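**Student:** Have a look at the structure that comes next, please.
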Amino acid sequence: MKKNKNKLKTSTKIAMIFFFTLLAFDLSIEGYHLRNTAIENNRVQVSLKKNENAVVLFYKDDCSDCKAIFDRVMVEKDFGGTNIKPINLNNVKNKHYIGEYNLHYVPTLIVLHHGKEVDRYTGIDKRKINDLFKGAMKWPDINTRPRVIV
């Protein structure tokens, strides 16, 4: 009888550890999403330098297609090491970029190397967005991930 009680206690402990691990993981994902939502809804003016090396995401915070890819782009910025500049075109002071970069639709991602456009994608196809990020990796000054020297 004692063995059954110990087994029950052990299985209960394992179940509790599993439950709390899942809960912590879920809360961290939700927190990350809330942070990205705050960034997405930010309407501050963004300035690009003349010799900017970055992937620029032009979006509008009221655009459903933009919302569909925003978290994916932020994951690349935060964990992939790519220098990404999100620019909300709903800010009046950012609207000059529409003419400067000949923007017709959002979301639009543009790769800038020394301030010059080297690649562009407009849309929400995640495979094409991943391809754009892979292409941007050939420019080492766009990739901010620390280099490992062997």
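The values are calculated or read from the model by the stated rules, or taken from the named source; none is laboratory data. For clarity, every value in this text was computed on a predicted model and none was experimentally measured. Counting neighbours? That spans all protein chains shown, and the Cβs are built from the backbone with ideal geometry, glycine included. All accessible areas refer to the heavy atoms of the entire protein, side chains included, with ligands and DNA or RNA removed. Shrake-Rupley method; radii C 1.70, N 1.55, O 1.52, S 1.80 Å.
**Student:** Taking GLY31 as meeting all but one of (1) at pLDDT below 60; (2) open to solvent by less than 60 Å² (accessible area, probe 1.4 Å); (3) touching an Asp or Glu at 6+ places or on another chain (Cβ under 9 Å), write down the number of the exception.
**Tutor:** (3)
**Student:** State the number of residues belonging to the stretch 99-132 that are in a helix (DSSP H, G or I), touching a residue at least 12 places away in the same chain (Cβ under 8 Å) and out of contact with any Phe, Trp or Tyr (no Cβ under 7 Å at 6 or more places or on another chain). Explain how you work it out, then say what you get.
**Tutor:** Initial filter on the stretch 99-132 (in a helix (DSSP H, G or I)): 99-100, 126-132.
From what's left, touching a residue at least 12 places away in the same chain (Cβ under 8 Å): 126, 129, 132.
With out of contact with any Phe, Trp or Tyr (no Cβ under 7 Å at 6 or more places or on another chain) added as a condition, the list becomes 126.
Within the stretch 99-132, residues that are in a helix (DSSP H, G or I), touching a residue at least 12 places away in the same chain (Cβ under 8 Å) and out of contact with any Phe, Trp or Tyr (no Cβ under 7 Å at 6 or more places or on another chain) number 1.
**Student:** Just to be sure before I move on: is ALA54 over 17 Å from MET137 (Cβ atoms), out of contact with any Cys (no Cβ under 9 Å at 6 or more places or on another chain) and of a type in the set (Gly, Ala, Ser) in the structure I sent? Step through it out loud before you land on a result.
**Tutor:** Numbers: over 17 Å from MET137 (Cβ atoms): no; out of contact with any Cys (no Cβ under 9 Å at 6 or more places or on another chain): yes; of a type in the set (Gly, Ala, Ser): yes.
No; evaluated as a whole, the condition is false for this residue.
**Student:** Which residues, taken from the stretch 70-86, are more than 17 Å from ASP119 (Cα to Cα), aliphatic (A, V, I, L, M) and touching a strand residue (DSSP E or B) at 6+ places or on another chain (Cβ under 8 Å)?
**Tutor:** Residue satisfying the conditions is MET74 alone.
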